[in-house]
Amino acid sequence: MKKLKYALFTGCTAKQSTPEQYMSTFAVAEKLGIELVELVEASCCGASHLQDYDDFLSLVLNARNIAYAEKHGLTMVTICNTCQLNTAMTKHRLDNNSELKEKVNEKLKEVGLEYKGTSNIIHFLYAIIDDIGLDKIKEMVVTPLSQFNIAPFYGCHNIRPSELQNESHKTAENPYNPRSLDDLIIACGGNSVDYVEKNKCCGFHVELQAPHTSAVLSGKAVAGAMDNNADWMVTPCPLCHLKLDTQTNHLSEAIGREIALPVLHMQQMLGLALGCSNEQLGFKHHIEKVNFI
Amino acid sequence: MSTHTITTQQVNFKVFRFNASEDYLPYYENYTMEVTSEEVVLDILNRIKWELDGSFSYRRSCRHGICGACAIKVNGRSTLACKERMNDMIELFGNELTIEPLSIKRAVKDMIIDKGDFWQKHDAIHPYLISDVQEHPEHEHLVTPKEAEELLEADLCIQCGACHYACPVVEVNSDFFGPAAFAKAYRFEADVRDDAHHERLQELHKEKQGLWDCVKCFECAEACPKDVNPIDKITKLHQMLFSEGVATSNVATRHAVAFKNSIAKFGVLDEGGMILYSEGTSIVKHIPLAIKMFTKGKIVPPWGITKSENLDEIKKLVASSSTAKF
């Protein structure tokens, strides 16, 4: 099989507040035989906030990021749900509106770039499911996670809006009954925990303006996982990770009960199963101690 | 052709039952039924009532997807019972289906809920044209097709409540207007005939009602049976606040603007600097967490940020493409 090669859009968070996600992405890619070309020229995706303020600028900046992936002739892989949403949304809007695409390209021309629409945008989770396959991943597991009950937390911007999300990957996802992360847990040998909040919102995007709402939503997610006997949680989104891992005291206060669980990035879970070292997976950067390794 | 063949399959339904005037707690009744490929969800509700239990209660009226009365949830997914084909539900969820009202905590009897909060919020945004209409106009008040397109089909809303009761913020914050009310507000904000443009926007901007408290989860877009896409309208209202000069400085507006500033400077985000810009002096409340994160290597100081390569391109694009002002 030809070696898989992707253009990696890390997003901002992996390079700052979740360094463990950056490290574990590369560690896992090596184990899976994936070559990652980091898009070092890329800017922030706007995280749905720039979009509230300056929609056209956000389109131009995201189109620029995609143009760099296109220059490499590679599929763009994201490791943050919100990067995935905003980049894929840009692609969708430009590919379906030639007038808008022309306007954006007029701007990109000023810096010698062009958005063509030739690169697919896909989150790492779906890229490995589509291009490697769960069966193959299962074969590669050296340390099955069979003693763990693992609660998947999907994060909104990988599953909704489903029409947009399902454009990027072959494995259709039902946002009301998502399977991808559950299936990855099972492929890693773990027991996937079913709970109501697994496809719900963590509240990250209103953390500053509505801290109580934000904390209640995250708090309910951790509580739901705990009530269904989860040993730990796993998520494909670094923003969800920040909510669930870094401030359990706030979450506990908001929902009126003590809660806390270790929360792993999907790359860390996969890394554990594929035999990466704890150092490679960056567990020392967690706030909630990863107490089982 | 197979599309003309009526097929039948067995489905197990778990149906929410509750009578607020008699029951202390709700319960679920199980029904096993043969479902044909011709049926919609409303047919199942009808058959439960007509064939199995006459006391089963639900709202229905037009049977054409325009009155919005029959919205319920199937396996947690909001749906208009009269429009949703059973085959599609089985394809999505399999043969075990749970039928519930839009909001369990607002249940009055079985599928019937008290939508009082929905209508109260709907009314509060002044959901009508506010305009000095001449009694005897000399000319027609023409709206061009291009102007009508600006509504972005927000006028297709049938007030079924599917998005409102799918919204996680509505569940947590009872002051939050919710996606339906905001989409309706947009419908009139975008109408060229409306004269209350500024006033309505200003009211929406007030913090308590929470135009800025939308968590961007897209539950509303997913739930809407008419493809109104309420979150898109909420984003449009945010943009309008800035473009119309109505936005005042608060933590949410500063946060949106901080993205542009940070991108212009670094290409990427200066996470710490942005929180400082957004919060102002309120930054102190974040200090304990910041210390904890710093000790775990989760905070990069401004001088340690890896800037985007070819940053000059980004600076140039921000200067030439930016249209918003604050």
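The values are calculated or read from the model by the stated rules, or taken from the named source; none is laboratory data. Since the structure is predicted, the reported quantities are computational estimates derived from the model, not experimental observations. So basically every Cβ, Gly included, is an ideal-geometry build from the backbone, and we count neighbours across all protein chains shown.
Exactly one residue out of B:SER55, B:SER61, B:SER37 is at pLDDT 95 or above, of a type outside the set (Val, Ile, Thr) and more than 30 Å from B:LYS184 (Cβ to Cβ), and it is B:SER55.
All of B:ASP227, B:ASP175, B:ASP232 fail the test of being among the charged types (D, E, K, R), outside any helix (DSSP H, G or I) and under 30 Å from B:HIS141 (Cβ atoms), apart from B:ASP227. Restricting attention to the stretch A:174-204, the residues that are surrounded by fewer than 24 Cβ atoms within 10 Å (Cβ to Cβ) and at the interface with chain B (Cβ under 7 Å from one of its Cβ atoms) total 5.
Inclusion of B:GLY65 among residues that are in contact (Cβ under 8 Å) with a residue 60 or more places away in the chain and in the same structural domain as B:VAL108 (by TED's automatic domain parsing) is warranted. In the stretch B:33-86, of all residues being outside any strand (DSSP E or B), of a type in the set (Lys, Arg) and closer than 26 Å to B:HIS4 by Cβ, the one that is nearest to the chain's Cα centre (by Cα) corresponds to B:LYS83. Does at least one position in the stretch B:291-313 carry a residue that is assigned to a loop (DSSP other than H, G, I, E, B), surrounded by fewer than 21 Cβ atoms within 10 Å (Cβ to Cβ), out of contact with any Phe, Trp or Tyr (no Cβ under 8 Å at 6 or more places or on another chain) and of a type in the set (Ser, Thr, Tyr)? There is at least one residue in the stretch B:291-313 that is assigned to a loop (DSSP other than H, G, I, E, B), surrounded by fewer than 21 Cβ atoms within 10 Å (Cβ to Cβ), out of contact with any Phe, Trp or Tyr (no Cβ under 8 Å at 6 or more places or on another chain) and of a type in the set (Ser, Thr, Tyr). For the list (1) closer than 30 Å to B:ILE158 by Cβ; (2) buried (at least 20 other Cβ atoms within 10 Å of the Cβ), I need the number of the one condition that B:SER243 fails. Unmet for B:SER243, out of (1) closer than 30 Å to B:ILE158 by Cβ; (2) buried (at least 20 other Cβ atoms within 10 Å of the Cβ): (2). Exactly one residue among B:ALA181, B:ALA162 is part of a helix (DSSP H, G or I) and either surrounded by fewer than 17 Cβ atoms within 10 Å (Cβ to Cβ) or at negative phi (or both), and that residue is B:ALA181.
Only residues that are over 24 Å from B:THR281 (Cα atoms) and at the interface with another protein chain (Cβ under 9 Å from one of its Cβ atoms) were counted in the stretch B:242-267, giving 1. When the stretch A:243-293 is limited to residues that are of a type in the set (Gly, Ala, Ser) and outside any loop (DSSP other than H, G, I, E, B), the one that is surrounded by the fewest Cβ atoms within 10 Å (Cβ to Cβ) turns out to be A:SER252.
Here's the yes/no breakdown for (1) touching a Lys or Arg at 6+ places or on another chain (Cβ under 9 Å); (2) assigned by TED's automatic domain parsing to the domain that holds B:CYS163; (3) over 27 Å from A:PRO178 (Cα atoms):
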{"residue": "B:ASN12", "(1), (2), (3)": "no, no, no"}
{"residue": "B:ASN19", "(1), (2), (3)": "yes, no, yes"}
{"residue": "B:ILE44", "(1), (2), (3)": "no, no, no"}
{"residue": "B:ILE48", "(1), (2), (3)": "no, no, yes"}
{"residue": "B:LEU52", "(1), (2), (3)": "no, no, yes"}
{"residue": "B:SER57", "(1), (2), (3)": "yes, no, yes"}
{"residue": "B:ARG60", "(1), (2), (3)": "no, no, yes"}
{"residue": "B:ALA69", "(1), (2), (3)": "yes, no, yes"}
{"residue": "B:ARG77", "(1), (2), (3)": "no, no, no"}
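Within the stretch B:246-270, the residues that satisfy the criterion of being surrounded by fewer than 22 Cβ atoms within 10 Å (Cβ to Cβ) and either over 17 Å from A:HIS205 (Cβ atoms) or aromatic (Phe, Trp, Tyr) (or both) are B:VAL246, B:THR248, B:SER249, B:ASN261, B:ALA264, B:LYS265, B:PHE266. For the stretch A:33-50, taking the residues that are crowded, with 18+ Cβ neighbours inside 10 Å and either in contact with a strand residue (DSSP E or B) (Cβ under 9 Å, 6 or more places away or on another chain) or not in a loop (DSSP other than H, G, I, E, B) (or both), the one that is nearest to the other protein chains (Cβ to nearest Cβ) is identified as A:LEU50. Within the stretch B:201-212, the set of residues being farther than 11 Å from B:PRO179 by Cα and part of a helix (DSSP H, G or I) comprises B:LEU201, B:GLN202, B:GLU203, B:LEU204, B:HIS205, B:GLU207, B:LYS208, B:GLN209, B:TRP212.
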